[in-house]
Amino acid sequence: MPGKGHIDVSDYLEPVLYHLRDNKEKYFSLKELSEKLNLSPTIVRETIGGLSTWGYRFVMDATSNIRFKSAPDAIFPFEIRYGLKTKFLGRKIESHYSVSSTNLIAHNLAAEGASEGTIVISEKQRGGKGRLGRSWHSPQKVGLWFSMVLRPDIDPSNAPSLSILSALTLSEILRSKYKLHSQIKWPNDVLIDGRKATGILTELDAEKGKVNFVVVGIGINVNTLTSKFPANIRKLATSIREEYGEEINRIELLRDFLEKFEKYYNAFCKKGLKPFLARVKKHSLMLGRKVKLKVGRKVIQAEVYDIGEDGALLVKHRKEKLKVTAGEVTVLDAGG
Ligand code: BT5
């Protein structure tokens, strides 16, 4: 069920907005718009009024014709979907102002049958979840806090690879588009110059060896200022804005992520992580490093010598070779 702050997208909102936006340079009269879109002038006028209230800006000329000027920095579904080149990811978007956790909502929606690719996103989270009961700091308007409902036909044991795939997707965007030194810290973080910019929480619902659904929750510090992080994470955390030096368009970044991830996900469902392994290694912070591993109650020191086809960390502990599929990993040597 849509929660408080849910935005109800009317049938005519997208056509009016998209038409004006696709023809940014052109001024339209109400009559022209209503004829073109086959809507009554009243509906067109009210839609434009509604869009203005939501922060969209239009320019009006002397004869009251209007053209599109700018979009707000807001996570409205119709804003995210504008120009989004995906087939299923983000075709259904539930957008909130404030929730406890988008993973929790996405989980409930998935259990009720939400279709693959459904996204739950919120401007802020009151109880953002990390792994192992930890929390995720999710202040309003500066980040992207969202969860994707996926229904991959894979063995449940491969579901954790979706965290790595998501981390790779983002890390590649950060390197290519923003020229940042981003790396994947196994298994679920994206770091920029050693500081955490993104955390990923993948939750699985499976039975009898079959995946019912996976919720991949992603938290990206986009425009957060370091000075605004809580004291306990200030030294460890960063945002894309801090590293890039300029405010980032959150919606553009989200669209880039969804488009790239959908492509990667389709390939992953057919071939697993194997086609991505070389790239995962290229982005890995862990490869060749000395690490401290906490697996259950045991703490060991080891060296990471490879990443397995299933995304597991392959380590050498004294002369023994071990495969690590879960647990906490701390980099010991300098630079981590
Ligand atoms: C994670 O856990 O990194 C997974 C975070 C997933 C968050 C997303 S947001 C959308 C979706 N809905 C949710 O409720 N969750 C997902 P973990 O590896 O356990 O790291 C948590 C630790 O990271 C905390 O204990 C802090 O030390 C640190 N931390 C918390 N908030 C942070 C932030 N905004 N930026 C960087 N580090 C943070």
Report summary line: Flagged in the range 77-107 as within 18 Å of GLY217 (Cα to Cα) and either among the β-branched types (Val, Ile, Thr) or away from the ligand (no atom under 16 Å from the Cβ) (or both), in numbering order, are PRO77, ILE80, PHE88, ARG91, LYS92, ILE93, VAL99, THR102, ILE105
Report task. Give just the number: which of (1) at pLDDT below 95; (2) part of a helix (DSSP H, G or I) does ASP256 not satisfy? Result -> (1)
Query raised in the report: Quick check, is ALA106 open to solvent by less than 10 Å² (accessible area, probe 1.4 Å) and either touching a strand residue (DSSP E or B) at 6+ places or on another chain (Cβ under 9 Å) or closer than 14 Å to VAL214 by Cα (or both)?
Result: yes
Query raised in the report: So which residues in the range 196-238 are of a type in the set (Lys, Arg) and not in a loop (DSSP other than H, G, I, E, B)?
Result: LYS196, LYS210, LYS228
Query raised in the report: From the set of residues in the range 198-208 that are open to solvent by less than 60 Å² (accessible area, probe 1.4 Å) and touching a helix residue (DSSP H, G or I) at 6+ places or on another chain (Cβ under 9 Å), which is nearest to the ligand (Cβ to nearest atom)?
Result: LEU201
Query raised in the report: What about ALA278, is it part of a helix (DSSP H, G or I), surrounded by fewer than 13 Cβ atoms within 10 Å (Cβ to Cβ) and among the hydrophobic types (A, V, I, L, M, F, W, C)?
Result: yes
Query raised in the report: Residues in the range 315-334: is at least one at positive phi and either in contact (Cβ under 8 Å) with a residue 60 or more places away in the chain or among the hydroxyl-bearing types (Ser, Thr, Tyr) (or both)?
Result: no
Report task. Output the residues belonging to the range 238-270 that are over 17 Å from the mean Cα position of the chain (by Cα), in contact (Cβ under 8 Å) with a residue 60 or more places away in the chain and either within 16 Å of the ligand (Cβ to nearest atom) or open to solvent by 80 Å² or more (accessible area, probe 1.4 Å) (or both). Result -> GLU243, TYR244
Query raised in the report: Can you tell me how many residues in the range 133-159 are surrounded by fewer than 17 Cβ atoms within 10 Å (Cβ to Cβ), free of Cβ contacts under 8 Å to residues at least 60 places away in the same chain and outside any strand (DSSP E or B)?
Result: 4
Report task. Would you mind stating whether ALA231 is among the aliphatic types (A, V, I, L, M), under 20 Å from ASP155 (Cα atoms) and either out of contact with any strand residue (DSSP E or B) (no Cβ under 8 Å at 6 or more places or on another chain) or more than 10 Å from the ligand (Cβ to nearest atom) (or both)? Result -> no
**Report entry** Test: ARG195 is in contact with a His (Cβ under 9 Å, 6 or more places away or on another chain), open to solvent by 30 Å² or more (accessible area, probe 1.4 Å) and not acidic (Asp, Glu)
**Finding:** no
Requested in this report: Would you check if ILE173 is part of a helix (DSSP H, G or I), more than 9 Å from the ligand (Cβ to nearest atom) and more than 21 Å from GLU246 (Cβ to Cβ)?
Outcome: no
Query raised in the report: Looking at the range 36-62, which of its residues are touching a helix residue (DSSP H, G or I) at 6+ places or on another chain (Cβ under 9 Å), part of a helix (DSSP H, G or I) and of a type outside the set (A, V, I, L, M)?
Result: LYS36, PRO41, THR42, ARG45, THR47, GLY50
Query - Residue that is farthest from the chain's Cα centre (by Cα) [pool: residues in the range 63-111 that are assigned to a loop (DSSP other than H, G, I, E, B) and over 29 Å from GLU25 (Cα atoms)] - result: SER100
Report task. Pick out the one residue from SER64, SER34 that is of a type in the set (Gly, Ala, Ser), open to solvent by 70 Å² or more (accessible area, probe 1.4 Å) and farther than 30 Å from GLY199 by Cα. Result -> SER64
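The values are calculated or read from the model by the stated rules, or taken from the named source; none is laboratory data. These figures come from a predicted structure and were not determined experimentally. All Cβ positions, even for glycine, are placed from backbone atoms using ideal geometry, and neighbour counts span all protein chains on display. Just the protein is used for accessible areas: all its heavy atoms, side chains included, with ligands, DNA and RNA removed. Shrake-Rupley method; radii C 1.70, N 1.55, O 1.52, S 1.80 Å.
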